[in-house]
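The values are calculated or read from the model by the stated rules, or taken from the named source; none is laboratory data. Note that the structure is a prediction, hence the values are computed from the model and not measured. No Cβ is skipped: glycine too gets one built from the backbone with ideal geometry, and neighbour counts run over all protein chains shown. Each accessible area value is taken on the protein alone, full model and side chains, heavy atoms only, with ligands, DNA and RNA left out. Shrake-Rupley method; radii C 1.70, N 1.55, O 1.52, S 1.80 Å.
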Amino acid sequence: MATYDLTPRIAPNLDRHLVFPILEFLQERRLYEDGQILKEKIELLNKTNMVDYAMDIHKSLYHTEDVPQDMIDRRVEVVARLKALEEAAAPLVAFLQNPSAVQELKADKQYNLQMLVERYQIGTEQIEALYQYAKFQFECGNYSGAADYLYQYRALCTNSERSLSALWGKLAAEILMQNWDIALEELNRLKEIIDSKNFASPMNQVQNRIWLMHWSLFIFFNHDNGRTQIIDLFNQDKYLNAIQTSAPHLLRYLATAFIVNKRRRPQFKDFIKVVQQEQHSYKDPITEFLACVYVNYDFDGAQKKMRECEEVILNDPFLGKRVEEGNFSTVPLRDEFLENARLFIFETYCRIHQRIDMGVLAEKLNLNYEEAERWIVNLIRGSKLDAKIDSDSGTVVMEPNHPNVYEQLIDHTKALSGRTYKLVSQLLEHAQAQPAR
(Lines give C-alpha, C1' and ligand atoms only; values in the text may rest on other atoms or scores of the structure.)
Protein backbone atom coordinates (compact mmCIF):
# COMPACT_ATOMS: atom_id res chain seq x y z
CA MET A 1 0.00 0.00 0.00
CA ALA A 2 3.02 2.29 -0.47
CA THR A 3 1.04 3.54 -3.51
CA TYR A 4 -0.91 5.83 -1.20
CA ASP A 5 2.01 6.84 1.03
CA LEU A 6 2.09 10.65 1.20
CA THR A 7 5.57 10.91 2.75
CA PRO A 8 7.20 12.22 -0.48
CA ARG A 9 4.62 15.04 -0.54
CA ILE A 10 4.56 15.77 3.18
CA ALA A 11 8.27 15.59 4.07
CA PRO A 12 9.35 18.69 2.05
CA ASN A 13 6.94 20.75 4.18
CA LEU A 14 8.36 19.58 7.52
CA ASP A 15 11.47 20.31 9.54
CA ARG A 16 13.83 17.38 8.92
CA HIS A 17 13.56 16.34 12.60
CA LEU A 18 9.80 15.89 12.16
CA VAL A 19 10.42 13.42 9.35
CA PHE A 20 12.07 10.92 11.75
CA PRO A 21 8.80 9.83 13.46
CA ILE A 22 7.28 9.25 10.01
CA LEU A 23 10.22 7.10 8.93
CA GLU A 24 9.97 5.13 12.20
CA PHE A 25 6.30 4.43 11.46
CA LEU A 26 7.00 3.36 7.87
CA GLN A 27 9.78 1.06 9.10
CA GLU A 28 7.46 -0.51 11.67
CA ARG A 29 4.74 -1.04 9.03
CA ARG A 30 7.35 -2.49 6.59
CA LEU A 31 6.05 -0.42 3.68
CA TYR A 32 9.60 -0.18 2.39
CA GLU A 33 12.72 -2.29 2.78
CA ASP A 34 14.66 -1.67 5.99
CA GLY A 35 17.80 -0.75 4.08
CA GLN A 36 15.95 1.96 2.16
CA ILE A 37 14.54 3.51 5.36
CA LEU A 38 17.95 3.41 7.09
CA LYS A 39 19.59 5.16 4.14
CA GLU A 40 16.92 7.87 4.26
CA LYS A 41 17.57 8.29 7.99
CA ILE A 42 21.32 8.69 7.47
CA GLU A 43 20.73 11.22 4.71
CA LEU A 44 18.55 13.25 7.07
CA LEU A 45 20.98 12.89 9.98
CA ASN A 46 23.88 14.16 7.90
CA LYS A 47 22.16 17.55 7.89
CA THR A 48 21.75 17.61 11.67
CA ASN A 49 24.12 17.43 14.66
CA MET A 50 22.77 14.06 15.85
CA VAL A 51 26.08 12.37 15.06
CA ASP A 52 25.85 9.54 17.62
CA TYR A 53 22.46 8.52 16.22
CA ALA A 54 23.88 8.60 12.69
CA MET A 55 26.72 6.31 13.81
CA ASP A 56 24.24 3.83 15.30
CA ILE A 57 22.18 3.81 12.07
CA HIS A 58 25.36 3.29 10.02
CA LYS A 59 26.31 0.28 12.16
CA SER A 60 22.82 -1.24 11.74
CA LEU A 61 22.76 -0.63 7.99
CA TYR A 62 26.19 -2.05 7.20
CA HIS A 63 26.39 -4.60 10.07
CA THR A 64 29.69 -3.29 11.37
CA GLU A 65 31.14 -1.66 14.46
CA ASP A 66 33.31 0.64 12.37
CA VAL A 67 32.15 4.09 11.31
CA PRO A 68 33.58 6.38 8.60
CA GLN A 69 36.28 8.83 9.63
CA ASP A 70 34.19 11.78 8.46
CA MET A 71 31.54 10.87 11.08
CA ILE A 72 34.21 10.79 13.80
CA ASP A 73 35.59 14.16 12.63
CA ARG A 74 32.06 15.56 12.49
CA ARG A 75 31.43 14.49 16.10
CA VAL A 76 34.57 16.29 17.30
CA GLU A 77 33.46 19.39 15.40
CA VAL A 78 29.93 19.29 16.90
CA VAL A 79 31.21 18.88 20.47
CA ALA A 80 33.63 21.81 20.04
CA ARG A 81 30.93 24.02 18.53
CA LEU A 82 28.50 23.13 21.31
CA LYS A 83 31.07 24.04 23.96
CA ALA A 84 31.80 27.39 22.27
CA LEU A 85 28.09 28.28 22.05
CA GLU A 86 27.55 27.20 25.65
CA GLU A 87 30.29 29.58 26.79
CA ALA A 88 28.92 32.46 24.69
CA ALA A 89 25.41 32.03 26.11
CA ALA A 90 26.59 31.28 29.69
CA PRO A 91 26.01 34.80 31.17
CA LEU A 92 22.39 34.91 29.97
CA VAL A 93 21.73 31.26 30.86
CA ALA A 94 23.03 31.90 34.38
CA PHE A 95 20.74 34.94 34.67
CA LEU A 96 17.70 32.94 33.48
CA GLN A 97 18.43 30.19 36.01
CA ASN A 98 18.34 32.73 38.85
CA PRO A 99 14.65 33.03 39.93
CA SER A 100 15.13 36.31 41.83
CA ALA A 101 16.89 37.88 38.83
CA VAL A 102 14.21 36.71 36.39
CA GLN A 103 11.55 38.46 38.51
CA GLU A 104 13.08 41.77 37.45
CA LEU A 105 11.98 41.18 33.85
CA LYS A 106 8.86 43.02 32.66
CA ALA A 107 6.57 42.86 29.65
CA ASP A 108 8.41 45.83 28.14
CA LYS A 109 11.21 44.29 26.07
CA GLN A 110 13.08 47.59 25.66
CA TYR A 111 13.16 48.01 29.44
CA ASN A 112 14.48 44.44 29.80
CA LEU A 113 17.29 45.02 27.31
CA GLN A 114 18.37 48.20 29.07
CA MET A 115 18.18 46.58 32.51
CA LEU A 116 20.22 43.55 31.40
CA VAL A 117 22.98 45.78 30.04
CA GLU A 118 23.11 48.10 33.06
CA ARG A 119 22.85 45.52 35.86
CA TYR A 120 24.20 42.30 34.40
CA GLN A 121 26.35 43.39 31.42
CA ILE A 122 24.24 41.21 29.13
CA GLY A 123 23.70 42.72 25.68
CA THR A 124 22.35 41.80 22.25
CA GLU A 125 25.37 39.57 21.57
CA GLN A 126 24.51 37.29 24.51
CA ILE A 127 20.83 37.23 23.48
CA GLU A 128 21.83 36.24 19.94
CA ALA A 129 24.16 33.60 21.44
CA LEU A 130 21.19 32.14 23.33
CA TYR A 131 19.29 31.75 20.05
CA GLN A 132 22.24 30.03 18.37
CA TYR A 133 22.75 27.81 21.43
CA ALA A 134 19.06 26.82 21.47
CA LYS A 135 19.11 26.11 17.74
CA PHE A 136 22.24 23.97 18.11
CA GLN A 137 20.65 22.06 21.00
CA PHE A 138 17.67 21.34 18.75
CA GLU A 139 19.95 20.11 15.96
CA CYS A 140 21.64 17.80 18.49
CA GLY A 141 18.27 16.29 19.44
CA ASN A 142 18.00 17.94 22.88
CA TYR A 143 14.45 19.13 22.27
CA SER A 144 13.64 19.84 25.92
CA GLY A 145 16.58 22.21 26.38
CA ALA A 146 15.92 23.83 23.01
CA ALA A 147 12.25 24.46 23.86
CA ASP A 148 13.16 26.15 27.17
CA TYR A 149 15.84 28.38 25.64
CA LEU A 150 13.68 29.34 22.65
CA TYR A 151 10.84 30.31 24.97
CA GLN A 152 13.18 32.51 26.99
CA TYR A 153 14.74 33.96 23.84
CA ARG A 154 11.34 35.05 22.51
CA ALA A 155 10.68 36.92 25.77
CA LEU A 156 13.78 39.05 25.09
CA CYS A 157 13.93 39.19 21.28
CA THR A 158 12.91 42.42 19.50
CA ASN A 159 13.50 41.11 15.97
CA SER A 160 10.13 39.90 14.65
CA GLU A 161 11.66 37.58 12.02
CA ARG A 162 13.95 35.92 14.57
CA SER A 163 11.08 35.64 17.03
CA LEU A 164 8.97 33.90 14.37
CA SER A 165 11.83 31.50 13.59
CA ALA A 166 12.17 30.72 17.32
CA LEU A 167 8.44 30.01 17.53
CA TRP A 168 8.65 27.50 14.67
CA GLY A 169 11.55 25.83 16.52
CA LYS A 170 9.61 25.78 19.79
CA LEU A 171 6.61 24.20 18.04
CA ALA A 172 8.79 21.49 16.47
CA ALA A 173 10.41 20.71 19.82
CA GLU A 174 7.05 20.37 21.61
CA ILE A 175 5.75 18.08 18.83
CA LEU A 176 8.83 15.87 19.05
CA MET A 177 8.42 15.65 22.85
CA GLN A 178 4.71 14.85 22.30
CA ASN A 179 3.57 17.70 24.55
CA TRP A 180 0.33 18.02 22.62
CA ASP A 181 -1.40 20.67 24.79
CA ILE A 182 1.60 23.01 24.70
CA ALA A 183 2.14 22.27 21.00
CA LEU A 184 -1.48 23.27 20.29
CA GLU A 185 -0.97 26.57 22.10
CA GLU A 186 2.17 27.28 20.05
CA LEU A 187 0.32 26.29 16.87
CA ASN A 188 -2.49 28.77 17.58
CA ARG A 189 0.06 31.47 18.44
CA LEU A 190 1.87 30.84 15.18
CA LYS A 191 -1.40 30.92 13.21
CA GLU A 192 -2.27 34.35 14.63
CA ILE A 193 1.14 35.71 13.55
CA ILE A 194 0.90 34.19 10.06
CA ASP A 195 -2.62 35.55 9.52
CA SER A 196 -1.78 39.06 10.74
CA LYS A 197 1.81 39.50 9.50
CA ASN A 198 2.64 41.55 6.40
CA PHE A 199 4.67 39.18 4.25
CA ALA A 200 6.93 40.25 1.39
CA SER A 201 4.55 38.54 -1.02
CA PRO A 202 1.17 36.75 -0.76
CA MET A 203 2.86 33.49 -1.83
CA ASN A 204 5.11 33.63 1.26
CA GLN A 205 2.02 33.82 3.45
CA VAL A 206 0.41 30.91 1.57
CA GLN A 207 3.60 28.86 2.01
CA ASN A 208 3.62 29.55 5.76
CA ARG A 209 0.01 28.37 5.97
CA ILE A 210 0.90 25.19 4.10
CA TRP A 211 3.80 24.52 6.47
CA LEU A 212 1.52 25.18 9.46
CA MET A 213 -1.10 22.71 8.24
CA HIS A 214 1.48 19.98 7.65
CA TRP A 215 3.03 20.44 11.10
CA SER A 216 -0.44 20.51 12.67
CA LEU A 217 -1.15 16.93 11.55
CA PHE A 218 1.06 15.62 14.37
CA ILE A 219 -1.01 17.56 16.91
CA PHE A 220 -4.53 17.11 15.57
CA PHE A 221 -4.34 13.33 15.32
CA ASN A 222 -2.92 13.00 18.83
CA HIS A 223 -4.79 15.72 20.75
CA ASP A 224 -8.11 14.78 22.35
CA ASN A 225 -10.03 17.50 20.50
CA GLY A 226 -7.85 17.46 17.40
CA ARG A 227 -10.35 16.06 14.92
CA THR A 228 -12.66 18.99 15.54
CA GLN A 229 -9.88 21.54 15.44
CA ILE A 230 -8.44 20.29 12.15
CA ILE A 231 -11.79 21.10 10.55
CA ASP A 232 -11.77 24.54 12.19
CA LEU A 233 -8.34 25.26 10.67
CA PHE A 234 -8.30 23.47 7.31
CA ASN A 235 -11.86 24.47 6.40
CA GLN A 236 -11.25 28.21 6.74
CA ASP A 237 -11.38 29.87 3.32
CA LYS A 238 -7.73 31.02 3.32
CA TYR A 239 -6.41 27.63 4.40
CA LEU A 240 -8.73 25.65 2.14
CA ASN A 241 -7.61 27.81 -0.80
CA ALA A 242 -3.98 27.05 0.10
CA ILE A 243 -4.79 23.33 0.13
CA GLN A 244 -6.51 23.49 -3.25
CA THR A 245 -3.73 25.46 -4.91
CA SER A 246 -0.60 23.91 -3.40
CA ALA A 247 -1.32 20.89 -1.15
CA PRO A 248 -4.42 18.94 -2.30
CA HIS A 249 -3.08 15.77 -0.60
CA LEU A 250 -4.14 17.35 2.73
CA LEU A 251 -7.74 16.68 1.66
CA ARG A 252 -7.19 13.12 2.92
CA TYR A 253 -6.94 14.37 6.50
CA LEU A 254 -9.79 16.85 6.27
CA ALA A 255 -12.00 14.16 4.68
CA THR A 256 -11.15 11.72 7.47
CA ALA A 257 -11.93 14.34 10.12
CA PHE A 258 -15.32 15.03 8.54
CA ILE A 259 -16.16 11.32 8.39
CA VAL A 260 -15.31 10.58 12.03
CA ASN A 261 -16.70 13.88 13.38
CA LYS A 262 -20.50 13.93 13.25
CA ARG A 263 -20.82 17.37 14.82
CA ARG A 264 -19.46 19.09 11.71
CA ARG A 265 -22.14 17.94 9.28
CA PRO A 266 -23.44 21.45 8.30
CA GLN A 267 -20.07 22.18 6.63
CA PHE A 268 -19.93 18.75 5.07
CA LYS A 269 -21.96 19.54 1.93
CA ASP A 270 -19.57 22.32 0.91
CA PHE A 271 -16.61 20.04 1.47
CA ILE A 272 -18.08 17.40 -0.86
CA LYS A 273 -18.06 20.06 -3.60
CA VAL A 274 -14.35 20.65 -2.93
CA VAL A 275 -13.63 16.90 -3.18
CA GLN A 276 -15.52 16.82 -6.48
CA GLN A 277 -13.63 19.86 -7.83
CA GLU A 278 -10.21 18.50 -6.86
CA GLN A 279 -10.61 14.95 -8.22
CA HIS A 280 -8.39 15.86 -11.18
CA SER A 281 -5.51 17.04 -8.94
CA TYR A 282 -5.75 14.58 -6.02
CA LYS A 283 -7.70 11.49 -5.06
CA ASP A 284 -7.16 8.49 -2.84
CA PRO A 285 -9.54 5.82 -1.47
CA ILE A 286 -10.79 8.15 1.29
CA THR A 287 -11.75 11.04 -1.01
CA GLU A 288 -13.01 8.56 -3.63
CA PHE A 289 -15.23 6.95 -0.99
CA LEU A 290 -16.94 10.29 -0.40
CA ALA A 291 -17.30 10.84 -4.15
CA CYS A 292 -18.87 7.39 -4.56
CA VAL A 293 -21.44 7.99 -1.82
CA TYR A 294 -22.33 11.66 -2.27
CA VAL A 295 -21.50 12.50 -5.90
CA ASN A 296 -21.95 9.34 -7.96
CA TYR A 297 -24.26 7.37 -5.62
CA ASP A 298 -22.15 4.32 -6.48
CA PHE A 299 -22.70 2.11 -3.45
CA ASP A 300 -20.84 -0.89 -4.87
CA GLY A 301 -17.88 1.38 -5.54
CA ALA A 302 -18.14 2.82 -2.02
CA GLN A 303 -18.01 -0.69 -0.55
CA LYS A 304 -14.79 -1.45 -2.46
CA LYS A 305 -13.26 1.89 -1.48
CA MET A 306 -14.13 1.26 2.16
CA ARG A 307 -11.85 -1.80 2.16
CA GLU A 308 -9.07 0.25 0.60
CA CYS A 309 -9.65 3.04 3.12
CA GLU A 310 -8.89 0.63 5.93
CA GLU A 311 -5.47 -0.13 4.40
CA VAL A 312 -4.77 3.57 3.81
CA ILE A 313 -5.53 4.39 7.46
CA LEU A 314 -3.41 1.54 8.81
CA ASN A 315 -0.43 2.65 6.71
CA ASP A 316 -0.73 6.39 7.25
CA PRO A 317 1.63 7.75 9.97
CA PHE A 318 -0.99 10.22 11.23
CA LEU A 319 -4.18 8.17 10.89
CA GLY A 320 -2.75 4.79 11.86
CA LYS A 321 -1.87 5.56 15.48
CA ARG A 322 -1.87 2.34 17.48
CA VAL A 323 -3.05 1.95 21.06
CA GLU A 324 -1.85 -0.96 23.17
CA GLU A 325 -4.59 -2.64 25.20
CA GLY A 326 -3.15 -5.53 27.19
CA ASN A 327 -1.75 -8.00 24.66
CA PHE A 328 -3.65 -6.42 21.79
CA SER A 329 -2.92 -3.46 19.54
CA THR A 330 -5.79 -1.45 18.03
CA VAL A 331 -6.14 1.52 15.69
CA PRO A 332 -9.05 3.52 17.17
CA LEU A 333 -9.44 5.85 14.19
CA ARG A 334 -9.86 2.92 11.79
CA ASP A 335 -12.74 1.52 13.84
CA GLU A 336 -14.44 4.92 14.05
CA PHE A 337 -13.92 5.52 10.35
CA LEU A 338 -15.44 2.20 9.28
CA GLU A 339 -18.41 2.63 11.62
CA ASN A 340 -19.19 6.10 10.31
CA ALA A 341 -18.47 5.13 6.70
CA ARG A 342 -21.12 2.40 6.95
CA LEU A 343 -23.50 4.97 8.41
CA PHE A 344 -22.82 7.34 5.50
CA ILE A 345 -23.57 4.59 2.96
CA PHE A 346 -26.67 3.54 4.84
CA GLU A 347 -28.07 7.07 5.24
CA THR A 348 -27.56 7.92 1.58
CA TYR A 349 -28.93 4.57 0.39
CA CYS A 350 -32.00 5.01 2.59
CA ARG A 351 -32.77 8.45 1.14
CA ILE A 352 -33.44 6.93 -2.25
CA HIS A 353 -35.20 3.72 -1.15
CA GLN A 354 -38.29 3.20 0.96
CA ARG A 355 -37.95 -0.57 1.43
CA ILE A 356 -34.50 -2.19 1.48
CA ASP A 357 -33.64 -5.87 1.33
CA MET A 358 -31.51 -6.79 4.35
CA GLY A 359 -29.24 -9.07 2.32
CA VAL A 360 -28.51 -6.34 -0.22
CA LEU A 361 -27.88 -3.87 2.59
CA ALA A 362 -25.48 -6.26 4.34
CA GLU A 363 -23.52 -6.53 1.09
CA LYS A 364 -23.38 -2.73 0.71
CA LEU A 365 -22.14 -2.35 4.28
CA ASN A 366 -19.52 -5.08 3.92
CA LEU A 367 -21.13 -7.09 6.76
CA ASN A 368 -22.75 -10.50 6.98
CA TYR A 369 -26.56 -10.72 7.39
CA GLU A 370 -26.58 -11.11 11.19
CA GLU A 371 -24.06 -8.29 11.70
CA ALA A 372 -26.06 -5.97 9.44
CA GLU A 373 -29.32 -6.75 11.25
CA ARG A 374 -27.70 -6.17 14.66
CA TRP A 375 -26.10 -2.94 13.45
CA ILE A 376 -29.43 -1.55 12.12
CA VAL A 377 -31.27 -2.55 15.31
CA ASN A 378 -28.70 -0.58 17.33
CA LEU A 379 -29.19 2.45 15.07
CA ILE A 380 -32.96 2.32 15.57
CA ARG A 381 -32.57 1.93 19.35
CA GLY A 382 -30.13 4.85 19.42
CA SER A 383 -32.68 7.07 17.61
CA LYS A 384 -30.21 7.47 14.73
CA LEU A 385 -32.61 5.88 12.27
CA ASP A 386 -36.35 6.36 11.73
CA ALA A 387 -37.20 2.88 10.42
CA LYS A 388 -38.45 -0.56 11.34
CA ILE A 389 -37.39 -4.08 10.40
CA ASP A 390 -39.89 -6.39 8.69
CA SER A 391 -38.58 -9.79 9.78
CA ASP A 392 -41.04 -11.74 7.59
CA SER A 393 -39.82 -10.19 4.36
CA GLY A 394 -36.27 -9.55 5.58
CA THR A 395 -36.43 -5.87 4.75
CA VAL A 396 -35.89 -2.50 6.39
CA VAL A 397 -38.86 -0.18 5.95
CA MET A 398 -38.06 3.54 6.07
CA GLU A 399 -40.52 5.92 7.70
CA PRO A 400 -41.42 9.00 5.62
CA ASN A 401 -39.04 11.83 6.52
CA HIS A 402 -40.58 15.19 5.74
CA PRO A 403 -38.16 18.11 6.04
CA ASN A 404 -38.82 20.46 8.95
CA VAL A 405 -39.35 23.94 7.51
CA TYR A 406 -38.17 25.64 10.71
CA GLU A 407 -34.94 23.64 10.83
CA GLN A 408 -34.28 24.45 7.17
CA LEU A 409 -34.83 28.16 7.85
CA ILE A 410 -32.44 28.07 10.84
CA ASP A 411 -29.75 26.24 8.80
CA HIS A 412 -30.00 28.74 5.93
CA THR A 413 -29.88 31.67 8.37
CA LYS A 414 -26.76 30.27 10.02
CA ALA A 415 -25.11 29.81 6.63
CA LEU A 416 -26.03 33.38 5.62
CA SER A 417 -24.62 34.73 8.88
CA GLY A 418 -21.36 32.83 8.32
CA ARG A 419 -20.98 34.12 4.76
CA THR A 420 -21.68 37.69 5.90
CA TYR A 421 -19.02 37.41 8.61
CA LYS A 422 -16.46 36.16 6.07
CA LEU A 423 -17.31 38.97 3.67
CA VAL A 424 -16.94 41.65 6.36
CA SER A 425 -13.62 40.12 7.51
CA GLN A 426 -12.28 40.20 3.96
CA LEU A 427 -13.36 43.83 3.49
CA LEU A 428 -11.68 44.85 6.77
CA GLU A 429 -8.46 43.05 5.84
CA HIS A 430 -8.46 44.72 2.43
CA ALA A 431 -9.00 48.13 4.03
CA GLN A 432 -6.20 47.57 6.56
CA ALA A 433 -3.84 46.47 3.79
CA GLN A 434 -4.35 49.74 1.87
CA PRO A 435 -1.61 52.31 2.55
CA ALA A 436 -2.70 55.29 4.58
CA ARG A 437 -3.65 58.26 2.36
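The criterion of at least 2 residues that are touching an Asp or Glu at 6+ places or on another chain (Cβ under 7 Å), open to solvent by 40 Å² or more (accessible area, probe 1.4 Å) and of a type in the set (Gly, Ala, Ser) is met by none of the helices (runs of 4 or more DSSP H) falling completely within region 295-380. Could you tell me whether any residue of region 194-204 is open to solvent by 20 Å² or more (accessible area, probe 1.4 Å), under 13 Å from the mean Cα position of the chain (by Cα) and of a type in the set (Phe, Trp, Tyr)? No. Out of all the residues in region 41-64, is one or more over 20 Å from the mean Cα position of the chain (by Cα) and among the aromatic types (Phe, Trp, Tyr)? Checking region 41-64: at least one residue is over 20 Å from the mean Cα position of the chain (by Cα) and among the aromatic types (Phe, Trp, Tyr). Of all residues in region 206-219, those satisfying the criterion of being of a type outside the set (Val, Ile, Thr) and open to solvent by less than 40 Å² (accessible area, probe 1.4 Å) are 208, 209, 212, 213, 214, 215, 216, 217, 218. Just one of the listed residues (150, 164) is surrounded by 15 or more Cβ atoms within 10 Å (Cβ to Cβ) and either of a type outside the set (A, V, I, L, M) or within 15 Å of residue 89 (Cβ to Cβ) (or both), namely 150. Out of region 122-135, which residues are in a helix (DSSP H, G or I) and of a type outside the set (D, E, K, R)? The answer is 124, 126, 127, 129, 130, 131, 132, 133, 134. Output yes when any residue across region 72-89 is touching a helix residue (DSSP H, G or I) at 6+ places or on another chain (Cβ under 9 Å), small (Gly, Ala, Ser) and either closer than 29 Å to residue 177 by Cβ or at pLDDT 95 or above (or both), and no when none is. Among the residues of region 72-89, at least one is touching a helix residue (DSSP H, G or I) at 6+ places or on another chain (Cβ under 9 Å), small (Gly, Ala, Ser) and either closer than 29 Å to residue 177 by Cβ or at pLDDT 95 or above (or both), which makes the answer yes. Looking across region 178-209, not a single residue is acidic (Asp, Glu) and touching a Ser or Thr at 6+ places or on another chain (Cβ under 6 Å). Exactly one residue out of 164, 190, 171 is farther than 18 Å from residue 230 by Cα and hydrophobic (A, V, I, L, M, F, W, C): that is 164. If you go through region 167-185 and keep only what is surrounded by fewer than 23 Cβ atoms within 10 Å (Cβ to Cβ) and hydrophobic (A, V, I, L, M, F, W, C), you end up with 167, 168, 176, 177, 180, 182, 184.
Inclusion of residue 30 among residues that are on the phi > 0 side of the Ramachandran plot, of a type outside the set (S, T, N, Q) and out of contact with any strand residue (DSSP E or B) (no Cβ under 6 Å at 6 or more places or on another chain) is warranted.
Report whether or not residue 265 is crowded, with 19+ Cβ neighbours inside 10 Å and either of a type outside the set (A, V, I, L, M) or at pLDDT 95 or above (or both). Here the answer is no, as residue 265 does not meet what is asked. Scanning region 70-120 for residues that are touching a residue at least 24 places away in the same chain (Cβ under 8 Å) and not in a helix (DSSP H, G or I) turns up just one, 105. When 15, 34 are screened for being open to solvent by less than 60 Å² (accessible area, probe 1.4 Å) and acidic (Asp, Glu), only 15 passes. The set of residues in region 95-135 that are within 38 Å of the chain's Cα centre (by Cα), open to solvent by 70 Å² or more (accessible area, probe 1.4 Å) and not basic (Lys, Arg) comprises 97, 99, 103, 107, 108, 110, 124, 125. Of all residues in region 196-216, those that are touching a residue at least 12 places away in the same chain (Cβ under 8 Å) and in a helix (DSSP H, G or I) have Cβ atoms under 9 Å from Cβ atoms of residues that are crowded, with 20+ Cβ neighbours inside 10 Å and of a type in the set (Phe, Trp, Tyr), 6 or more apart or on another chain, in 209/239; 210/239; 212/239; 213/234; 213/239; 213/253; 216/234. Here residue 64 meets each of (1) farther than 17 Å from residue 318 by Cβ; (2) part of a helix (DSSP H, G or I) with one exception, condition (2).
If a residue must be of a type in the set (Val, Ile, Thr), within 20 Å of residue 141 (Cβ to Cβ) and exposed (fewer than 15 other Cβ atoms within 10 Å of the Cβ), how many such residues does region 64-89 contain?
3
Would you please name the residue that is farthest from residue 171 (Cα to Cα), looking only at residues in region 1-49 that are touching a helix residue (DSSP H, G or I) at 6+ places or on another chain (Cβ under 7 Å) and β-branched (Val, Ile, Thr)? Among those residues, the one meeting the criterion is 37. Note on region 136-147: among residues that are open to solvent by 10 Å² or more (accessible area, probe 1.4 Å) and in a helix (DSSP H, G or I), the one that is nearest to residue 108 (Cα to Cα) is 145.
If you go through region 393-403 and keep only what is at pLDDT 85 or above and either in a helix (DSSP H, G or I) or exposed (fewer than 12 other Cβ atoms within 10 Å of the Cβ) (or both), you end up with just 393. Among the residues of region 220-232, is there at least one that is within 16 Å of the chain's Cα centre (by Cα) and surrounded by 23 or more Cβ atoms within 10 Å (Cβ to Cβ)? Within region 220-232, one or more residues are within 16 Å of the chain's Cα centre (by Cα) and surrounded by 23 or more Cβ atoms within 10 Å (Cβ to Cβ).
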